[in-house]
Amino acid sequence: MIVILNGGEVELAGAATLLSLLEGRGISPEVVVAELNGHIVPGSDFGTTALNDGDHLEVLRFVGGG
Amino acid sequence: MTNDIFEIGGRKLTSRLFTGTGKYSDDGVIPDVCEASGSEVITVALRRVDLESSTGNVMDFIPKHMQLLPNTSGARTADEAVRIARLARAMGCGDWIKIEVISDNRYLLPDGYGTAKATEILAKEGFVVLPYINADLYVAKDLVNAGAAAVMPLGAPIGTNRGLMTREMIRILIEEIDLPVIVDAGIGRPSEACEAMEMGADACLVNTAIATANDPVLMAKAFGRAVKAGREAFLAGPGATKRHADASSPLTGFLGGL
């Protein structure tokens with residue numbers, strides 16, 4: 001299946017959760033916030049949030065700014 | 001001076017200097033900047049995770065006692081600012097949010113209408129909203145009505161280090177607006193932060209001037225002292241200015257001629 005992650009297409013081999021996608025890409029789930037199809041996903045739900053074909057996922061983090 | 005507490009959103013602050021985390025050549029200097037400045041409030045931004053390269057986490061460098069003030073930089077509309085604010089809160093770092101709604105890329109001047117709209121929505125959701133605005137009385141009044149916790153007028157365009165170009169308008173906000181006035185953006189030198197505080201501003205937010213100094217830690221210390229000095233001068237109440245000389249020494253009792 002294909003999900004749109006931060007504006008780009010990502011192909012996932014089988015069933016995936018938000019947590020498995022992050023971990024597979026070396027992204028520490030503790031330091032990010034996620035929005036799936038326009039809805040914020042609480043960090044505690046990353047492991048139980050299944051991804052589906054065509055999902056739009058935004059994953060953000062804090063960076064330096066003023 | 002020990003009772004000169006500054007309170008925003010229920011949090012008591014002893015420092016009136018807010019600092020930022022942008023533009024440091026090495027984020028590792030941030031803890032020393034925080035300590036040298038005495039700042040208790042620090043800004044961060046929210047961005048997409050870079051999927052191609054892993055970068056350091058700015059949060060690792062922010063001392064735990066500090067109040068985090070995420071901004072909505074990158075938002076071009078009220079809706080985008082609201083979205084960013086909600087995401088920032090979902091990070092679990094509290095309710096404070098600095099609203100920036102900007103669609104002008106050359107001067108990065110804030111959109112007052114969009115800012116007020118976002119502020120109204122977020123204040124109702126329990127955010128402590130600190131909006132970045134032009135030094136405009138009517139926008140500031142809208143923000144009071146919208147439930148802002150403070151107003152943050154610019155001294156000069158973001159990152160320019162040009163100082164208090166809007167000083168007369170800021171003076172009007174200080175006089176007319178019954179919310180903390182925090183001068184944000186454009187302050188380039190400690191003397192300018194000091195002047196803002198002497199005028200009666202409640203606080204200053206400084207990022208670029210510290211982060212791009214040759215010695216950011218020393219500059220942070222200078223800003224911390226300048227803001228404190230300006231605040232003390234304001235509380236002390238400066239004497240009147242006069243057009244002609246007014247001798248400080250008595251004009252009688254001179255020595256007689258030889």
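Students sometimes get this wrong: rank B:Asp184, B:Asp142 by accessible area, probe 1.4 Å, all chains present, largest first.
So, going from the largest accessible area down, we get B:Asp142, B:Asp184.
Scale the Cα Rg of chain B by the rule-of-thumb value 2.2 N^0.38 Å and send over the ratio, two decimals. Please report the intermediate quantities before stating the final value.
Details: Rg = 20.2 Å, N = 258, 2.2 N^0.38 = 18.1 Å.
Its radius of gyration relative to the 2.2 N^0.38 Å reference: 1.12.
Need the per-residue list for region A:24-40: every residue with at least 50 Å² less accessible surface in the complex of protein chains than in the chain by itself, probe 1.4 Å, sorted by number.
Those are A:Val33, A:Glu35, A:Ile40, which lose 50 Å² or more relative to the chain on its own.
So how exposed is B:Arg16, as accessible area in Å² (1.4 Å probe, rounded to 10)?
Rounded to the nearest 10, that gives 20 Å².
Determine the order of B:Phe61, B:Phe254 by accessible area, beginning with the largest, at a probe radius of 1.4 Å.
B:Phe254, B:Phe61
When the scattering of region B:1-50 is computed by the Debye formula from its Cα atoms alone, each counted once and equally, what is log10 I(q)/I(0) at q = 0.19, 0.25 Å⁻¹?
-0.74, -1.00
At a cut-off of 50 Å², which residues of region B:19-56 become less accessible once all protein chains are present than in their chain alone, using a 1.4 Å probe?
SASA drop of 50 Å² or more in region B:19-56: B:Ala45, B:Arg47, B:Arg48, B:Val49, B:Leu51.
Go through region A:18-24 residue by residue and turn each phi into a ³J(HN,Hα) via Karplus (6.51, -1.76, 1.60, θ = phi - 60°); whole Hz please, and just put x for glycine and proline.
Rounded to whole hertz, the list is 4, 5, 5, 5, 4, 5, x.
Looking at B:Met197, A:Val31, A:Thr49, which one has the Cα that reaches farthest to the positive end of the dipole of the protein assembly as shown (charges on Cβ: Lys, Arg +1; Asp, Glu -1)?
B:Met197
Tell me the angle of helix B:190-199 to the major Cα principal axis of chain B, expressed in degrees between 0 and 90 and rounded to the nearest ten.
Taking the Cα atoms of chain B, the angle to B:190-199 is about 80 degrees.
Can you tell which of B:Ser73, B:Leu108, B:Ala90 lies farthest toward the positive end of the dipole of region B:39-172, using +1 and -1 charges on the Cβ of basic and acidic side chains (Lys, Arg; Asp, Glu)?
Of the candidates, B:Leu108 comes out farthest on the positive side.
Where Rh is the Kirkwood radius over the Cα pairs of region B:47-196, the temperature 25 °C and the viscosity 0.890 mPa s, what D in µm²/s does Stokes-Einstein return?
Answer, rounded: 154 µm²/s.
Averaged per residue, what accessible surface does the protein assembly as shown expose to a 1.4 Å probe, in Å²? Write out the running numbers ahead of the final one.
Numbers: 16100 Å² over 324 residues.
Value returned for the protein assembly as shown: 50 Å² of accessible area per residue.
Mark the label point 7 Å from the Cα of B:Glu7 along Cα→Cβ and return the residues of region B:176-198 whose backbone N is within less than 17 Å of it.
B:178-181
Can you give me the long-range amide H partners of B:Leu46? Hydrogens built in the peptide plane at 1.01 Å from N, cutoff under 5 Å, separation of 5 or more residues or another chain.
For B:Leu46, whose amide H was placed from the backbone, the distant partners under 5 Å are A:Val63, B:Asn71, B:Ser73.
If you take the accessible area of B alone, add that of A alone, and subtract the area of the pair, what total do you get in Å², probe 1.4 Å, to the nearest 100?
2200 Å²
Could you give me the ³J(HN,Hα) list for region B:56-65, computed from phi with Karplus coefficients 6.51, -1.76, 1.60 and θ = phi - 60°, whole Hz, x at Gly and Pro?
With coefficients 6.51, -1.76 and 1.60, one gets x, 9, 4, 5, 5, 9, 8, x, 5, 6 Hz.
In Å, what is the Rg of the alpha-carbon atoms in chain A, and how long is Dmax?
Both quantities, over Cα of chain A: 11.5, 41 Å.
In the P(r) worked out for region B:1-108, what percent of Cα pairs fall beyond 19 Å?
52 percent
Once R0 is set to 30 Å, what does the formula 1/(1 + (r/R0)^6) return for the Cβ-Cβ distance between B:Lys124 and A:Asn37, expressed as a FRET efficiency to the nearest 0.05?
Efficiency at R0 = 30 Å is approximately 0.75.
As a test question: what accessible area, to the nearest 10 Å², does A:His39 have when a 1.4 Å probe is rolled over all protein chains in place?
The accessible area of A:His39 comes to roughly 130 Å².
Calculate what fraction, in whole %, of the accessible area of chain A sits on carbon and sulfur atoms when a 1.4 Å probe is rolled over the protein chains.
51 percent
Round to a whole number: what % of the accessible area of region B:107-258 belongs to carbon and sulfur, probe 1.4 Å?
Values: 4220 of 7920 Å².
The nonpolar share, carbon plus sulfur, comes to 53 percent.
Per residue Cα convex hull volume for the protein assembly as shown, in cubic angstrom?
Working: hull volume 53.8 nm³, N = 324.
Given the Cα convex hull of the protein assembly as shown, per-residue volume reads 166 Å³.
The values are calculated or read from the model by the stated rules, or taken from the named source; none is laboratory data. Every value quoted in this text rests on a predicted model; they were computed, and no experiment measured them. Cβ coordinates were reconstructed from backbone atoms using ideal geometry, including for glycine residues, and neighbour counts include every protein chain displayed. With ligands, DNA and RNA removed, areas are computed over all heavy atoms of the protein, side chains included. Shrake-Rupley method; radii C 1.70, N 1.55, O 1.52, S 1.80 Å.
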